[in-house]
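K.L.:
Supplied in structure tokens, the structure appears directly below.
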Amino acid sequence: MRIDPEDRIVGYPALVMRDLMRRKVFDGKAVETVLKIGAAEAGRVIEALAAEDYICPSERFKSPTGAVWQTTPKGTKLANAGTLPSISRAEADKVMAEFMARVKAVAESDDYLAEPAEVVLFGSYLTEAPTVNDVDLIVRLRLKGRFQTRSYDDALRAKLDALAAKKLRIATGRDWIVYLQNEALSFLQAASPYVSLHRGDALQLIEMADRKRGLAEAGTPSKIVYRAAPRRR
């Protein structure tokens, strides 16, 4: 998604509203703080954002001081939006080809202990539009079970030695998995402004939001563009 810095959303600059959406979960006080407004105006903004499907009441988070709101898929798209101009389909093809080359590199390199198990494409690049805002992808990762040139123990020891050299400490097993996943995702992203990586349940969230809005055709088209070979038993 692309936004124009000159655009306004519910009366406020789009970039300021993007900052609010990046909080993902917030209450009225947060709206007051980000927009530098009073409680009454914050209430109006919240109602307007909810009416335009940027936010919805949070079912998970509660607050003793008032309602808690969270971003919908539309709000999340705004949070991730950039200000870069759209690119041609040929340029988007190049972005996609380079991304898939990085997927192959991660899968084949013993420097990464996590790899893509599946890559799903959706969004404007999947359409026939002549220009594309960005390439929307879901990357589902898995820990590697085999390596090209070394054993699992050797690959693990090399990774732990590299972390020690950087004076990085991993506190828990969960933190370790998150670190390995983020390491792979960072390489796949490659700081490309036109590659947008989304959480694994992004398609389900979009469909749920569409159903809540009463749309007859809920959800968005998607296509699996990569699937790793099944692991050998």
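K.L.:
Please report the orientation-averaged projected area of the stretch 38-113, defined via the convex hull of its C-alpha atoms, in nm².
P.N.:
Reported value for the Cα convex hull: 9.4 nm².
K.L.:
Moving to a separate point now. For GLU41 and GLU118, FRET efficiency with R0 = 35 Å and r from the beta-carbon atoms, rounded to 0.05?
P.N.:
My answer for the efficiency is 0.20.
K.L.:
Once label points are set 7 Å from the Cα along Cα→Cβ at both ASP93 and ASP201, what is their separation, rounded to one decimal in nm?
P.N.:
3.8 nm
K.L.:
Going 7 Å from the Cα of ARG60 along its beta-carbon direction, which residues of the stretch 180-223 have the amide nitrogen within less than 17 Å of the resulting point?
P.N.:
Residues 198-209 qualify, since their backbone N sits under 17 Å from the label point.
K.L.:
With each run of n ≥ 4 DSSP H residues scored as -39500 (n - 2.57), what mean residue ellipticity at 222 nm is computed for the chain after dividing by its residue count and rounding to the nearest 500 deg cm²/dmol? List each step's numbers first, then the result.
P.N.:
Numbers: 8 runs with 98 residues, N = 233.
For the chain, the value works out to -13000 deg cm²/dmol.
K.L.:
If I take all pairs of Cα atoms in the stretch 87-227, what percentage of them are more than 27 Å from each other?
P.N.:
The share of Cα pairs beyond 27 Å in the stretch 87-227 comes to 33 percent.
K.L.:
If you wrap a convex hull around the Cα atoms of the stretch 191-233, how much volume per residue is inside, in Å³?
P.N.:
146 Å³
K.L.:
When the gyration tensor of the stretch 25-171 is built from Cα positions, what are the square roots of 5 times its three eigenvalues, in whole Å, from largest to smallest?
P.N.:
Calculated on Cα positions only, the semi-axes equal 40, 26, 13 Å.
K.L.:
I want to verify a result. In a Gaussian network model of the chain, Cα cutoff 10 Å, which of these has the top mean-square fluctuation: TYR112, TYR179, TYR54?
P.N.:
Answer for the Gaussian network model of the chain: TYR179.
K.L.:
Work out, step by step, the length gained on full extension between MET208 and SER186: first 0.36 nm times the residue separation, then minus their alpha carbon distance; give nm to one decimal.
P.N.:
On the way: separation 22, 0.36 × 22 = 7.92 nm, distance 2.85 nm.
Difference between extended and current length: 5.1 nm.
K.L.:
Magnitude of the Cβ-charge dipole of the stretch 87-227, K/R +1 and D/E -1, about the Cα centre, nearest 20 debye?
P.N.:
Its charge dipole is roughly 440 debye.
K.L.:
For labels at ARG23 and LYS167 in the simple 7 Å Cα→Cβ model, what's the distance in nm?
P.N.:
Those two pseudo-labels are separated by 3.5 nm.
K.L.:
Here's another thing I want to ask about it. Please report the Cα spread of the stretch 166-214 along all three principal axes, rounded to whole Å, starting with the longest.
P.N.:
The principal-axis extents, from largest down, are 52, 28, 10 Å.
K.L.:
Calculate the all-directions average of the projected area of the stretch 8-79's alpha-carbon convex hull, and give it in nm². Don't skip to the end; give the middle numbers.
P.N.:
Numbers: hull surface 16.7 nm².
If I average the Cα hull's projected area over directions, I get 4.2 nm².
K.L.:
Which distance in nm do the two modelled labels at SER86 and ARG227 give, with both placed 7 Å along the Cα-to-Cβ direction?
P.N.:
In this crude label model, SER86 to ARG227 measures out at 3.2 nm.
We did not get these values from a lab; they are worked out from the coordinates using the rules stated. Model, not experiment: these values are computed from the prediction. Counting neighbours? That spans all protein chains shown, and the Cβs are built from the backbone with ideal geometry, glycine included.
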